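Shown next, in structure tokens, is the structure this report addresses.
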Amino acid sequence: MFHMLSEKINAFRQRLTRLDRQPLGRAALVIILLLDLFILTSVFRGLADHTRQLSAPEETIPPLCQDIVIDRTWNTQNRLDRISSLVSGFATRRFPLERETREPSREHRLCAPIVSAFEAIRTDGELARGLNELRHIKQENTTLRAGLEQVKGAYDSQLLEKIAGEKKPGPSAEGLRKQLDEQITALDESVRREGELGQTLERAPKIQAFYQLMEGVSDADRTGLANDLRRLNFWYPAKRLGWQMLFLLPLLAVFYFWNSRSVARDRPYQMLVSSHLLVVATIPLLFKIIELAYDILPRRFFRHLIDLLEAIKLVAIWHYLVIAVAIAVAMALIYLFQRKLFSPERVLQRRIARGECHACGLRLPPGSRHCPACGAAQFRECRHCHQPTLTHCRFCTFCGQAD
């Protein structure tokens, strides 16, 4: 079975590099490689467009909805700050899915009205400016309070030094008192502006509508949305692979059928092109299977395994496994290079083609029957035609029979 499989692979490899049983010319090789590159690019582009039709978890439950419903807590004290923070998040591109790119019909039933209500606020120029101004005023208040505490500390120190009769270089108590009054006045004015602007924004109809929607979201809704998100993220890689197979497998089947018919009817040009296209169609298939394995193993299995090992204080086992895998991979690569790419048969073939000694690799004078360096015989008698033929050739150079 393995011998038959090896023969089929060798025959297929010959069809990739030969035409009418002759090696491909350079011009033909360049053309077929350019065709491979074009078809491969087209397949990947078509695969991307096809996959885009599948709803991703972030389309069903957008990052904005995750942030609003799952990650944040809302109450009457922080809700306006939360909205202003979300509005500023779009300025920093923290939320990639905006109104122009998302499809509300794909969104979760809980997310669609909330995201639409927030976008009504965000796209309202006056409200957005007011929320950004409120955010800046709050930051200014924080800076003023820090400065006020610093001046107050310096003023208290000056008073204590004055009571103790000590004089140290620096601002006078009167100067610090004046500076303290100015800081208090500025802070009071900033707090007044913050309160007035906050009340104005709180009364805005669009913000009130958003508040009503958020008040209707219960803890059970939040838990259900989080569970839906975990389920979507868990099944999406397998669902995406199945969707991609609907694009790749028919293409692979067409190329395979064409290649089989070309081989059966001995059409060399069609065999060459169809064999290359069969390889090209297989490459994206392998990539997507590897992508699925990457999504499942490193992102889920290994993460849970590490968490489990850390919980039972046996994380060292993970490092032992990594070392064992590295050793196994190194041994497999050594085997591949030594036994397949640099096998004795391949080395002998290269030495024969270059006119070198079969045993030691010394370049021989033409017609040499023995190596002048190691004395190894380069010829033997063919058992079919009894003529001298190369010692390690599979076929006689005179009669062509297998020996």
What are the pairs with Cβ atoms under 8 angstrom where one residue, in segment 380-403, is under 22 Å from Arg350 (Cβ atoms) and the other, located anywhere, is acidic (Asp, Glu) and not in a loop (DSSP other than H, G, I, E, B)? Sequence gap at least six, or different chains. Pro388/Glu381; Thr389/Glu381
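For Ala293, are the conditions met, namely being modelled with pLDDT under 85 and in the same structural domain as Leu16 (by TED's automatic domain parsing)?
Spelling it out, Ala293 is indeed modelled with pLDDT under 85 and in the same structural domain as Leu16 (by TED's automatic domain parsing).
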Checking Gly25 against (1) modelled with pLDDT under 90; (2) small (Gly, Ala, Ser); (3) touching a helix residue (DSSP H, G or I) at 6+ places or on another chain (Cβ under 8 Å), the condition it does not meet: (3)
Determine whether Leu16 is of a type in the set (A, V, I, L, M, F, W, C), surrounded by 11 or more Cβ atoms within 10 Å (Cβ to Cβ) and either not assigned by TED's automatic domain parsing to the domain that holds Asp228 or not in a helix (DSSP H, G or I) (or both). no
Single condition Leu241 does not satisfy, out of (1) assigned to a helix (DSSP H, G or I); (2) more than 28 Å from Pro63 (Cα to Cα): (2)
Verdict on Leu285 being of a type in the set (A, V, I, L, M), within 32 Å of the chain's Cα centre (by Cα), at pLDDT below 85 and closer than 23 Å to Phe234 by Cα: no
So in segment 223-256, with the set limited to residues that are under 27 Å from Ala293 (Cα atoms) and among the hydroxyl-bearing types (Ser, Thr, Tyr), which one is surrounded by the most Cβ atoms within 10 Å (Cβ to Cβ)? Tyr236
Which of the residues spanning segment 244-277 are in a helix (DSSP H, G or I), over 30 Å from Glu58 (Cβ atoms) and without any contact (Cβ under 8 Å) to a residue 12 or more places away in the chain? Ala253, Val254, Phe257, Ser260, Arg261, Ala264
Can you name the number of the only condition in (1) modelled with pLDDT of 80 or more; (2) more than 30 Å from Asp307 (Cβ to Cβ) that Ile323 fails? (2)
Restricting attention to segment 208-222, which residues are loosely packed, with under 15 Cβ neighbours inside 10 Å and touching a Lys or Arg at 6+ places or on another chain (Cβ under 9 Å)? none
For segment 19-57, which residues satisfy the criterion of being more than 18 Å from Pro284 (Cα to Cα) and part of a helix (DSSP H, G or I)? Arg26, Ala27, Ala28, Leu29, Val30, Ile31, Ile32, Pro57
Somewhere in segment 316-331, is a residue of a type in the set (Gly, Ala, Ser) and in the same structural domain as Asn10 (by TED's automatic domain parsing)? no
Just a yes or no: is a residue in segment 382-399 surrounded by 12 or more Cβ atoms within 10 Å (Cβ to Cβ), assigned to a strand (DSSP E or B) and either of a type in the set (Val, Ile, Thr) or in contact with a helix residue (DSSP H, G or I) (Cβ under 8 Å, 6 or more places away or on another chain) (or both)? yes
Can you tell me how many residues within segment 30-63 are more than 30 Å from Pro237 (Cβ to Cβ) and in contact (Cβ under 8 Å) with a residue 12 or more places away in the chain? 2
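The values are calculated or read from the model by the stated rules, or taken from the named source; none is laboratory data. Note that the coordinates shown come from a computational prediction; the quantities given were computed from them, not determined experimentally. Cβ: placed from backbone, ideal geometry, glycine included. Neighbour counts: every protein chain shown.
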